[in-house]
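Before any comments, here is the structure.
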Amino acid sequence: MNVVNQYRDPVLIKKLADKIHHLVRFMDRPIRLMEVCGTHTHSIFHFGIRDLLPKNLELVSGPGCPVCVTPTNYVDQAILLAREPGVILTTFGDLMRVPGRLGSLLQTKAEGGRVEIVYSPVDSLQVAEENCSKLIVFLAVGFETTIPLSIITLKEAQRRGINNLKILNAHKLIPPALRVLTAENFKIDGFILPGHVSAIIGLNPYRFLAEEKGIPGVVTGFEPLDIIHSIYRIMLQLVEGRIEIENTYHRVVKDEGNIHALELIHRYFTPVNSEWRGLGEIADSGLKLQEPWENFDLLSNKNSSTVQSLKHGIQQILVDSSEEESCICGLILTGQRTPVDCPAFARSCLPESPLGACMVSSEGTCAAYYRYDRRKGIANV
Ligand code: SF4
């Protein structure tokens, strides 16, 4: 059996599913587990894992899609920047179709704004070198997994003497968001913890879940056997009354994380409060570049004409916008609603014409429901 098939073995998956059914019988209440990561959400749908689980074990999706949790204000700022004649934006493709109050970056590009899609922030270096008279702004969106790449880009910019490259920083940290989700009203009995983020941060930043909040968590990978195994491990903990943070993804995640990447993050950034779509401002969940790197942060150059005009533009948008947002993406990202609760789902909100970020990103929950489960959604409306 090759390595991939090994993690998709239907016999092993069925055996674990049976064990989960058996364990759930020992619980006197329904169980709600949150898969934090958007890639897990897609794997759960893709491999039909929900269909293997008992009725009283619910999986809810969490805030682990970086584009989805990026607030509208950030998208508006990006669009205003792209409209500036002296600016070129570089961004991952996922952000292009996210709607803000001024449209999307895709529309802005079609109207003449300069927006370049990059596959890595490092590609921004070439854009900066080829456009010396322009200000290049990389849209730095992403969790712990992508932060080291932003750092490498800045390090390399400094080494090459590139001084027309800045970042519009919206990097975020997952553990502070989980702290918010442990509040009683979210009713989460256990967390399926993200594999990629954990490869960087290891297990320690999650320990508070078990030690302070009494909620178990299991780090896992993205194959069906990984996911079903993590659910089994959480259920086993709940039944045995043993609350821990476990790692079932040893082939990728070391318990201590990636020490080198963590050192880089701590050397370049310091934690600050950050705004999340659906969760509001969360203490110490964002990162700010610290000296001597601060100058790479576009917004730290408060007196520059670009930042001044951005500030003015955002104030104007806030004055002009009176419309209430109909998108319930924020409630979906916190497991309080599912996409089928949204009247726009699979009707006016479609992957090709999204009304909210959760329908745009390849990691978005609405996109996953649409791709794998849309008939159920329409039937339920
Ligand atoms: S279906 Fe569209 S409008 Fe509804 S919550 Fe999802 S992204 Fe928002």
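The values are calculated or read from the model by the stated rules, or taken from the named source; none is laboratory data. None of the values given here were measured: they were computed from a predicted structure. Quick reminder, even Gly has a Cβ in these numbers, built from the backbone with ideal geometry, and neighbours come from all protein chains shown.
When we screen Glu263, Glu275 for residues that are assigned to a strand (DSSP E or B) and either modelled with pLDDT of 95 or more or among the acidic types (Asp, Glu) (or both), the only hit is Glu275.
The set of residues from region 37-58 being in contact with a Phe, Trp or Tyr (Cβ under 6 Å, 6 or more places away or on another chain) and closer than 21 Å to Ser198 by Cβ comprises Thr39, Ser43. Evaluation of Phe47 against the conditions (1) touching a helix residue (DSSP H, G or I) at 6+ places or on another chain (Cβ under 9 Å); (2) without any contact (Cβ under 8 Å) to a residue 12 or more places away in the chain shows that the sole unmet condition is (2).
Residues in region 249-266 that are at negative phi, surrounded by fewer than 20 Cβ atoms within 10 Å (Cβ to Cβ) and touching a residue at least 40 places away in the same chain (Cβ under 8 Å): Val252, Lys254, Asp255, Glu256, Asn258, Ala261, Leu262, Leu264. The set of residues in region 349-368 that are part of a helix (DSSP H, G or I), near the ligand (Cβ under 8 Å from one of its atoms) and over 15 Å from Leu95 (Cα atoms) comprises Thr365, Cys366.
Does Leu310 count as at pLDDT 95 or above, surrounded by 15 or more Cβ atoms within 10 Å (Cβ to Cβ), not basic (Lys, Arg) and not in a loop (DSSP other than H, G, I, E, B)? Answer is no for this residue. Checked against (1) in contact with a Pro (Cβ under 9 Å, 6 or more places away or on another chain); (2) outside the structural domain of Lys172 (by TED's automatic domain parsing), Lys288 passes all but a single condition, namely (2). Of all residues in region 334-348, which are assigned to a loop (DSSP other than H, G, I, E, B) and either touching a helix residue (DSSP H, G or I) at 6+ places or on another chain (Cβ under 8 Å) or of a type in the set (A, V, I, L, M, F, W, C) (or both)? Thr334, Gly335, Gln336, Arg337, Thr338, Cys342, Ala344, Ala346, Arg347, listed by residue number.
The set of residues from region 96-122 being small (Gly, Ala, Ser), under 20 Å from the mean Cα position of the chain (by Cα) and more than 19 Å from Leu310 (Cα to Cα) comprises just one member, Ser120. Comparison of Val11, Val36 shows that the only residue that is modelled with pLDDT of 95 or more, β-branched (Val, Ile, Thr) and under 26 Å from Val180 (Cα atoms) is Val36. When region 243-260 is filtered for residues that are assigned to a loop (DSSP other than H, G, I, E, B), among the β-branched types (Val, Ile, Thr) and closer than 13 Å to Ile200 by Cα, the ones remaining, listed by number, are Val252, Val253. State yes or no: is Ile31 out of contact with any Phe, Trp or Tyr (no Cβ under 9 Å at 6 or more places or on another chain), under 22 Å from Gln237 (Cβ atoms) and either aliphatic (A, V, I, L, M) or touching a residue at least 60 places away in the same chain (Cβ under 8 Å) (or both)? For Ile31, the condition - out of contact with any Phe, Trp or Tyr (no Cβ under 9 Å at 6 or more places or on another chain), under 22 Å from Gln237 (Cβ atoms) and either aliphatic (A, V, I, L, M) or touching a residue at least 60 places away in the same chain (Cβ under 8 Å) (or both) - is met. Considering region 43-118, there are no qualifying helices (runs of 4 or more DSSP H) wholly inside with 1 or more residues that are assigned by TED's automatic domain parsing to the domain that holds Leu310, of a type in the set (S, T, N, Q) and under 30 Å from Leu23 (Cβ atoms).
Inspect region 241-248 for any residue being in contact (Cβ under 8 Å) with a residue 24 or more places away in the chain and of a type in the set (Ser, Thr, Tyr) and give the result as yes or no. Within region 241-248, one or more residues are in contact (Cβ under 8 Å) with a residue 24 or more places away in the chain and of a type in the set (Ser, Thr, Tyr). Of Ser133, Ser150, all but one fail to be assigned by TED's automatic domain parsing to the domain that holds His260 and within 20 Å of Glu263 (Cα to Cα); the exception is Ser150.
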